[in-house]
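To start, the structure under review is shown below, and the notes come after it.
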Amino acid sequence: MLHPRAALPAGLCLMFLLAGCTPLVDEPLPAPTATAPDSGPSLIPEVKVFRIDPAPRGEESGPRPPTHADLLEQGKSPLPGARPGSEKVLMHFHGKGDARIMLPHQRSGALLWLLVHCESPSPLTVQSFDLRGIAVVRYDLEPCGIAEGGGGAEDGTSTFVQVWTGPNVEYDLTVISSEQGTG
């Protein structure tokens, strides 16, 4: 026999256990649809991209043109779509072959620029990902050359960059942040 003080909590516990019971159903769950729903918020916001195509050069063996970071150091604002004077070089990375690079956290501005140049003309793809591993932006450089290519995007979420290229391809990646220009 239960003590009168223990009867109330035991009864409440039994009631909660019985209320939480649900019948088992043998029917399979509906298969997910292949099309996106017509309404509701998008999980990936639309990204505005400012593409930088490398300037065509007749002779790849000539001197390397100045990088965007070099121009910024000289007080010039070479990035289309960026507010002049707001550009900040966050990092340089020299790599060979595929790489995964963590991005710095000290960003300023709404745009994130990924600019790459290669020692020799080679295909190269650079892509940025957010914290959950979802691709934010991708640049395919066919070929990556001595003039920088890539671009900038409205992106405050990217935490790392992945580079895909041949195992012997040497390249330099520059990451720049900036405010968006007034257009």
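The values are calculated or read from the model by the stated rules, or taken from the named source; none is laboratory data. Predicted, not measured: the structure shown is a model, and the values here were computed from it. Heads up, the Cβs are rebuilt from the backbone with ideal geometry, glycines too, and the neighbour counts pull from every protein chain shown. Just the protein is used for accessible areas: all its heavy atoms, side chains included, with ligands, DNA and RNA removed. Shrake-Rupley method; radii C 1.70, N 1.55, O 1.52, S 1.80 Å.
Given contacts defined as C-alpha pairs under 8 Å and at least six residues apart, what's the relative contact order of segment 59-183, whole-number percent? Provide the component values of the computation, followed by the final result.
Numbers: 297 pairs, mean separation 49.1, N = 125.
RCO, segment 59-183: 39 percent.
Under the 0.36 nm per residue contour assumption, what length would be gained going from the current alpha-carbon distance of Phe93 and Trp164 to full extension?
Values: separation 71, 0.36 × 71 = 25.56 nm, distance 1.41 nm.
Roughly 24.1 nm would be gained on extension.
Amide H neighbours of Leu90 under 5 Å, counting only residues 5+ apart in sequence or on other chains, H built in-plane at 1.01 Å?
For Leu90, the qualifying residues are Val175, Ile176, Ser177.
Roughly how many Å² of His92 are accessible to a 1.4 Å probe, to the nearest 10?
Estimated to the nearest 10 Å², His92 gives 120 Å².
What are the ³J(HN,Hα) couplings of segment 167-182, residue after residue, when phi is run through the Karplus curve with 6.51, -1.76, 1.60 and θ = phi - 60°? Round to Hz, x for glycine and proline.
x, 9, 7, 9, 8, 10, 10, 10, 10, 10, 10, 7, 7, 7, x, 7
Using a 1.4 Å probe and counting only protein heavy atoms, arrange Glu142, Glu154 so the residue with the most accessible area comes first.
On the way: Glu142 135, Glu154 70 Å².
The most accessible residue leads, giving Glu142, Glu154.
So if I place +1 on the C-beta of Lys and Arg and -1 on the C-beta of Asp and Glu, and nothing else carries charge, what would the dipole magnitude of segment 83-183 be about its Cα centre? I want it in debye, nearest 20. Walk me through the numbers on the way to the answer.
On the way: 7 positive and 12 negative charges, 60 e Å.
For this selection, approximately 280 debye.
I'd like the accessible area for Asp130: 1.4 Å probe, protein heavy atoms, all chains in place, Å² to the nearest 10.
20
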